[in-house]
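For reference, the structure is listed below as structure tokens.
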Amino acid sequence: MATSVEQDVIEWRRHFHQHPELSNREFETAKRIADELKQLGLEVQTGIAHTGVVAVLDSGKPGPVVALRADIDGLPVKEISGLPFASKAVGEYNGQQVPVMHACGHDTHIAMLLGTAKMLSQHKELLTGKVKFIFQPAEEGAPAGEEGGAELMVKQGVMKNPDVDVVFGVHIWSNLEAGQISYKPGGTLAAVDTFKIVVKGKQAHGAYPWKSVDPVVTSAQIIMGLQTIVSRELELIEEAAVVTVGSIHGGVRSNIIPNEVEIVGTLRSLNPEMREHIREAVKRKAINIAASMGAVAEVTVPFGANYPVTYNDPALMGKMLPYLQNNLGSENVVLSKAQTGAEDFSFYQQQVPGLFLGVGGMPKGTKKEDAPAHHTPEFFVDESGLKTGVQTLIGLTLDYMNSHQK
């Protein structure tokens, strides 16, 4: 079934790749998606979470509601892939003009879901229940001061009317061989908590440091202390975790010890208990280390981005796995390890059971270490893998409906 729509999927992919748009600004992308869905005769809603598009396919028969999701936004990255359909687009990101590229494969996600919608619309007799196609903006994060993404779509009722029973999604991986899919029961992508620490001391001349309470030195002590949360407080044989400081700002010149320093970083975790432990530990370490230096630390966790764990329901995974292995070949269904990257697909999985699977986009014979990474100017996808994604989404939908008839 997927093969018959493969050329359409490739053409859609190339169009969206050549015309990427940034988060919450996917106006032309959303218009093209809506137009394609209307041509299939689907009931289409637009403007959800700013630029989101949702369509419903009703089989006319009783059964479950299966949601399928694709993200649609690009990134502020300048493409150097050399493809004939490479992006030359520009956009505005937090007040700056930037190049724009689909450097994480969201163009392929749009195309695979449109292909799935076309095939299921043409074979509606195979369905029982309804399929909800969710084209979601701002997976990469809304612009400063705005809401967006899956969290806002859920707030605005995307999982209701009709009420969704299960949700499936796929993500292209540039280091997984085309023709394969990857899966991981349980926590597959990490929860995200951004944190901010403001260290307040006492300003002084750099020549007389004894007159200061130095927030720079205090911040250095705090940053080193945070590294012991993972290495000394967490049971790492259970799950991985990450504490990263990505930004530190303080002072204006070499001979002035400033009043305060700001530290910003990210926390990644794969189960709720570890997540709470890390959050608490960041506060404890920062406050107590600052106090030992005579300074004060104000800690905000979470600050900004805050995603749950992307969690593949183990029971659902167990039921769907035999279909995937039988139809794709067991050698093409690869058990993967959890990753400390994150995905806001997790907000849908908080509402209903769901699966988030990887789709191979690496040319066969390529070494993983040689495959261009996501979010880089060289990012590349082998389009022969796209039909596997379509086949996976169609198969999951039909298999779930057949085993959950109402």
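The values are calculated or read from the model by the stated rules, or taken from the named source; none is laboratory data. What you see is a predicted model, and the numbers here were worked out from it, not measured in a lab. Cβ atoms come from the backbone with ideal geometry, glycine included; neighbour counts cover every protein chain shown. Calculation scope for accessible area: heavy atoms of the full protein, side chains included, ligands and nucleic acids excluded. Shrake-Rupley method; radii C 1.70, N 1.55, O 1.52, S 1.80 Å.
Listing for the model above:
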| quantity | calculated |
| --- | --- |
| Antiparallel %, DSSP beta bridges [both residues in the range 68-175], to 5 | 45 |
| Rounded Å value of the spacing that divides the Cα centres of the range 62-97 and the range 358-405 | 16 |
| Computed magnitude of the charge dipole of the range 85-146 (debye, nearest 20; Cβ of K, R +1, Cβ of D, E -1) | 360 |
| Net charge contributed by nearby residues that have their C-beta within less than 13 Å of Asn332 (K/R +1, D/E -1) | 0 |
| R0 of 30 Å, Cβ-Cβ distance Glu331-His123: FRET efficiency to nearest 0.05 | 0.65 |
| Spin-label pair Glu233/Ser384, simplified geometry with 7 Å Cα→Cβ offset, distance in nm | 4.9 |
| Where trypsin sites (Lys or Arg not before Pro) fall in DSSP loop in the range 196-263, at most 12 other Cβ within 10 Å | Arg253 |
| Apportionment of accessible area to carbon and sulfur, the range 128-188, percent (1.4 Å) | 40 |
| Estimated [θ] at 222 nm from DSSP helical runs (n ≥ 4, -39500 (n - 2.57)) normalised by residues in the chain, nearest 500 | -10000 deg cm²/dmol |
| Shape category assigned to the range 1-155 from the gyration tensor of Cα positions, a/c cut at 1.5 | oblate |
| Cut-off 17 Å (backbone N to label point 7 Å along Cα→Cβ of Phe27), residues of the range 132-171 | 137-138, 143 |
| Signed unit charges on C-beta, dipole axis of the range 198-341, positive-most listed residue Ala207, Ala290, Ser330 | Ala207 |
| Cleavage-rule hits (trypsin sites (Lys or Arg not before Pro)) in the range 287-370: DSSP loop, at most 14 neighbouring Cβ within 10 angstrom | Lys337, Lys364, Lys367 |
| Sequence of Arg14, Arg32 when ordered by accessible area, the most exposed leading, probe 1.4 angstrom | Arg14, Arg32 |
| With every protein chain in place, the range 214-305: carbon and sulfur % of accessible area (1.4 Å) | 55 |
| Within the range 236-253, backbone nitrogen closer than 20 Å to the virtual label 7 Å beyond the Cα of Gln203 toward Cβ | 248-253 |
| Size of electric dipole in the range 1-66: Cβ of Lys, Arg +1 and of Asp, Glu -1, about Cα centre, debye, nearest 20 | 80 |
| Gyration tensor (alpha-carbon) shape descriptor, the range 227-328, a/c threshold 1.5 | prolate |
| Accessible area of the chain divided out per residue, in Å², using a probe of 1.4 angstrom | 43 |
| Largest-first principal axis extents, alpha carbons of the chain, Å | 80, 45, 44 |
